[in-house]
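Okay, structure first, notes after.
The values are calculated or read from the model by the stated rules, or taken from the named source; none is laboratory data. Quantities reported herein were computed from a predicted structural model and do not represent experimental measurements. Backbone-built Cβ (ideal geometry, glycine too); neighbour counts: all protein chains shown.
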Amino acid sequence: MADYSNVVSLSHPITPRIPLWPGDPPVQFTDVASLEQDGYFLRRFSMGEHSATHMNAPNSFYADGMGIDGYVPQDLVRPAVVIDVRARCTADYEISVQDIQDWERQHGIIEPGSVVLMYTGWQHLWNDPAAFFGHDARGSHFPGIGEAAIVFLLSQRQVAGVGIDTHGVDPGQSTTFATNHAVLAGNGIVLECLTNLDRLPAKGSTVVIGVLALEGGSGSPVSVMAFIP
């Protein structure tokens, strides 16, 4: 018998109404076959590689980087910790080393190989794209992981990657995408637009990331399942 008590999906359903990064292609579904005419139902779908709950690949930031099809299955099964930063998250908040150390004082040192999931509360804005992005003349406004924090996680904790419930592991006002660059330089995991992080324990769950192995893909929509002991 599998040693878990619950399974939680961390992925949003994919619909034409999901929040989209400005300039990204829309989600489209087109009927190709119908039960009435063909005896079976079939649709074609189209969307960007970085839409909905998704994982970024190194080649999205590095010309010689690995595509999403380069990740092997064992890369995609990881212990997860959830750091709840909702109380501090304003629209432009940068998650800090202090946030991580505060969590560790309560829950213990983050183990190497973990995926660190940041619960900002933005998952609850998903059905309001304007609020989810907070877009204005200066760009998007949502919290993300600061550069010092990701350096700490990678160099001091040797994590396998990070995830977040906003549309970017980097803050919305970032122009350097330092967190993406740092994680993907080592072929790590970057998960964005997660949901249901409030249903996970702070530590102890295992995430399984189902990617579409798109040839040379810069990323992929993903089905992320969390197995809770």
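Of the residues in segment 200-212, none is outside any strand (DSSP E or B), of a type in the set (Gly, Ala, Ser) and more than 20 Å from residue 96 (Cβ to Cβ). Being assigned to a loop (DSSP other than H, G, I, E, B), among the β-branched types (Val, Ile, Thr) and free of Cβ contacts under 8 Å to residues at least 40 places away in the same chain is a description that applies to residue 15. Within segment 132-159, the residues that satisfy the criterion of being within 24 Å of residue 224 (Cα to Cα) and hydrophobic (A, V, I, L, M, F, W, C) are 132, 133, 142, 145, 149, 150, 153, 154, 159.
Total residues in segment 120-150 satisfying the condition of being of a type in the set (A, V, I, L, M, F, W, C), assigned to a helix (DSSP H, G or I) and either under 20 Å from residue 202 (Cβ atoms) or at pLDDT below 95 (or both): the figure is 3.
Comparison of 153, 117 shows that the only residue that is at pLDDT 95 or above, within 20 Å of residue 77 (Cβ to Cβ), within 15 Å of the chain's Cα centre (by Cα) and not in a loop (DSSP other than H, G, I, E, B) is 117. Among residues of segment 56-68 being hydrophobic (A, V, I, L, M, F, W, C), in contact (Cβ under 8 Å) with a residue 40 or more places away in the chain and surrounded by fewer than 21 Cβ atoms within 10 Å (Cβ to Cβ), the one that is nearest to residue 22 (Cα to Cα) is 61.
Residue count for segment 200-229 satisfying the condition of being among the charged types (D, E, K, R) and surrounded by 15 or more Cβ atoms within 10 Å (Cβ to Cβ): 1. Candidates in segment 7-55 are the residues that are farther than 28 Å from residue 68 by Cα and in contact with a strand residue (DSSP E or B) (Cβ under 7 Å, 6 or more places away or on another chain); of these, the one that is surrounded by the most Cβ atoms within 10 Å (Cβ to Cβ) is 33.
Quick check: is even one residue across segment 161-180 of a type in the set (A, V, I, L, M, F, W, C), modelled with pLDDT of 95 or more, assigned to a helix (DSSP H, G or I) and farther than 26 Å from residue 3 by Cα? Within segment 161-180 (the criterion being of a type in the set (A, V, I, L, M, F, W, C), modelled with pLDDT of 95 or more, assigned to a helix (DSSP H, G or I) and farther than 26 Å from residue 3 by Cα), the answer is yes, since at least one residue qualifies.
Here residue 71 clears all of (1) out of contact with any strand residue (DSSP E or B) (no Cβ under 7 Å at 6 or more places or on another chain); (2) crowded, with 17+ Cβ neighbours inside 10 Å; (3) touching a residue at least 60 places away in the same chain (Cβ under 8 Å) except the condition numbered (1).
Only one of the numbered conditions (1) under 26 Å from residue 129 (Cα atoms); (2) modelled with pLDDT under 95 is not met by residue 229, and that is (1).
Search segment 89-114 for residues being in a helix (DSSP H, G or I) and in contact with a strand residue (DSSP E or B) (Cβ under 6 Å, 6 or more places away or on another chain), and hand back the single one that is nearest to residue 139 (Cα to Cα). Looking at residues that are in a helix (DSSP H, G or I) and in contact with a strand residue (DSSP E or B) (Cβ under 6 Å, 6 or more places away or on another chain), I get 103. A search for C-beta distances below 6 Å between a residue of segment 131-150 that is without any contact (Cβ under 8 Å) to a residue 60 or more places away in the chain and any residue that is among the hydrophobic types (A, V, I, L, M, F, W, C) and assigned to a loop (DSSP other than H, G, I, E, B), counting only pairs 6+ apart in sequence or on different chains, returns 134/91; 134/142; 141/91; 143/89; 144/169; 145/169.
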